[in-house]
Amino acid sequence: MITGNRTKSRYEKKYARLQEMRRMDVQEEYSRIWWMSVDYEFPWDFSVAGSLAFYNSVAPAHMAALLVETGELTENTHRRLEHFGLISLEIARRGFKDPRGRAAVRQLNRIHKNAVKSISDENRQWSISNDDYLFVLGTSMVIPARWVDRYAWRPLSRHERTALFLHIRKQGELMGIKEIPDSYEELAKFHDDYVEKHFQYSPDAAKLWQVLQGMIIDPMVGWLPEKARPLGRRVAKVAVPALLTPHMRKAFGVREPSRLLSLTVDTAIKARSAYVRRQPPRTGPSVPDPLPTPNFPTGEFDIEKLGPAHTTGVKDTD
């Protein structure tokens, strides 16, 4: 009887935050609900899945060609990823009622607009279509959600999935994206149809993969003890191809992993989730606020100075 009560108490504590989120009005507090999921419920999962979503967003041949042409990801890789991460963090953490969250969306728009402008000339006019923007928007929703449903210590609740969609839809509206679908399922279908149509191998995507493949390693091993991380990084590097979707591997020219490797990686991640499921719930945020980074050791930065030099006027020093 005592054992049963302890088990029930442990279960109630583990799911207490989910119950708290369910009591919140998802139509009004969707960004807060979503950040609670990211920061407290699934921090490791969203860190890894966020890298996969970024890979997915740069995989289409014409998107990869534009990014290679700007030279930002290939020549200023670490700085670009740091700045992108900070902008994305501000949007996720602050939401859109907070001035910093809205400023981060404006800066993201400014970066996209100026990137296209900086490489266009009389010989070629580059562009990012509404469908391209909508695909990237969908990617930032679909890839993390599917990862959590498959690998996290519990799947997303319907309440969390609705919060995610509403947060993503609002971001898209603020970015000026048109014809955003009316539900998670419709946006996911648009994403999948886009992938089927536009993912194919391209040298530009392969070039991006060469410089970006390491970005997922640190999140993968971040939960390990410090002494175990060097070995963890070597293992993670071998495992990465098994984490990519077949469409990503096709676009990047990554060899299909063996069935044994895929099974081993799948089993290892699920074993980690089983371990997390038995641990006490997180009592504090996983992401410091402010968050120190290599170029911003105090965690303080001006949002309008994040991005390439042609956007901010600040010289890059990667």
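The values are calculated or read from the model by the stated rules, or taken from the named source; none is laboratory data. These numbers were taken from a predicted model, which means no experiment stands behind them. Cβ: placed from backbone, ideal geometry, glycine included. Neighbour counts: every protein chain shown. Side chains are part of the model used for accessible areas, which takes the heavy atoms of the whole protein and leaves out ligands, DNA and RNA. Shrake-Rupley method; radii C 1.70, N 1.55, O 1.52, S 1.80 Å.
Given the residues E304, E256, which is the only one that is farther than 30 Å from P99 by Cα, acidic (D, E), open to solvent by 70 Å² or more (accessible area, probe 1.4 Å) and more than 20 Å from the chain's Cα centre (by Cα)?
Among E304, E256, only E256 is farther than 30 Å from P99 by Cα, acidic (D, E), open to solvent by 70 Å² or more (accessible area, probe 1.4 Å) and more than 20 Å from the chain's Cα centre (by Cα).
Quick one: how many residues across segment 265-293 are outside any loop (DSSP other than H, G, I, E, B) and under 23 Å from N56 (Cβ atoms)?
7
Which one of the conditions (1) without any contact (Cβ under 8 Å) to a residue 60 or more places away in the chain; (2) open to solvent by 30 Å² or more (accessible area, probe 1.4 Å); (3) over 19 Å from R272 (Cα atoms); (4) of a type in the set (A, V, I, L, M, F, W, C) does V235 fail to meet, given that it meets all the rest?
For V235, the exception is condition (3).
For segment 205-224, name all the residues that are under 16 Å from R249 (Cβ atoms) and surrounded by 14 or more Cβ atoms within 10 Å (Cβ to Cβ).
Scanning segment 205-224 gives A205, A206, K207, L208, W209, L212, Q213, I216.
Tell me, please, whether a residue that is closer than 28 Å to I33 by Cα and of a type in the set (G, A, S) can be found in segment 182-204.
Yes, segment 182-204 contains a residue that is closer than 28 Å to I33 by Cα and of a type in the set (G, A, S).
Among what's in segment 27-80 and is surrounded by fewer than 18 Cβ atoms within 10 Å (Cβ to Cβ) and of a type in the set (S, T, N, Q), pick the residue that is nearest to the chain's Cα centre (by Cα).
Among residues in segment 27-80 that are surrounded by fewer than 18 Cβ atoms within 10 Å (Cβ to Cβ) and of a type in the set (S, T, N, Q), the one nearest to the chain's Cα centre (by Cα) is T77.
Look at segment 16-34 and say how many of its residues are out of contact with any Ser or Thr (no Cβ under 7 Å at 6 or more places or on another chain), closer than 21 Å to P280 by Cβ and not basic (K, R).
4
R249 fails exactly one of the following numbered conditions: (1) crowded, with 19+ Cβ neighbours inside 10 Å; (2) touching a residue at least 12 places away in the same chain (Cβ under 8 Å); (3) among the basic types (K, R). What is the number of that condition?
(2)
Please go through segment 175-189 and give me each residue that is open to solvent by 50 Å² or more (accessible area, probe 1.4 Å) and within 25 Å of R110 (Cβ to Cβ), ordered by number.
K178, E179
Could you give me the residue pairs with C-beta distances under 8 Å whose first residue belongs to segment 292-314 and is under 27 Å from I119 (Cβ atoms) and at pLDDT below 95, whose second residue is open to solvent by 40 Å² or more (accessible area, probe 1.4 Å) and not in a helix (DSSP H, G or I) wherever it lies, and which are 6+ apart or on separate chains?
If the second residue must be open to solvent by 40 Å² or more (accessible area, probe 1.4 Å) and not in a helix (DSSP H, G or I), the pairs left are K305/V314; A309/K315.
Give me the pairs, please: first residue somewhere in segment 189-201 and within 14 Å of E179 (Cβ to Cβ), second residue anywhere and surrounded by fewer than 19 Cβ atoms within 10 Å (Cβ to Cβ), beta-carbon distance under 8 Å, and either six or more positions apart or on two chains.
Listed by first residue and then by second, the contacts come to K189/P181; F190/P181; Y194/D131.
Being within 25 Å of W153 (Cβ to Cβ), outside any helix (DSSP H, G or I) and at pLDDT 95 or above, is that true of even one residue in segment 235-256?
Among the residues of segment 235-256, at least one is within 25 Å of W153 (Cβ to Cβ), outside any helix (DSSP H, G or I) and at pLDDT 95 or above, which makes the answer yes.
For segment 112-133, does any single residue satisfy the condition of being within 18 Å of the chain's Cα centre (by Cα) and open to solvent by less than 20 Å² (accessible area, probe 1.4 Å)?
yes
Return the pairs, sorted by first residue and then second, in which the second residue is open to solvent by 70 Å² or more (accessible area, probe 1.4 Å) and in a loop (DSSP other than H, G, I, E, B), the first residue lies in segment 109-136 and is touching a residue at least 12 places away in the same chain (Cβ under 8 Å) and within 19 Å of G71 (Cα to Cα), the beta carbons are less than 8 Å apart, and the residues are 6+ apart or on different chains.
V116/S127
Quick check, is D45 touching a helix residue (DSSP H, G or I) at 6+ places or on another chain (Cβ under 7 Å) and among the charged types (D, E, K, R)?
yes
So, in segment 152-164, of the ones that are in a helix (DSSP H, G or I) and open to solvent by 10 Å² or more (accessible area, probe 1.4 Å), which residue ends up nearest to V142 (Cα to Cα)?
R161
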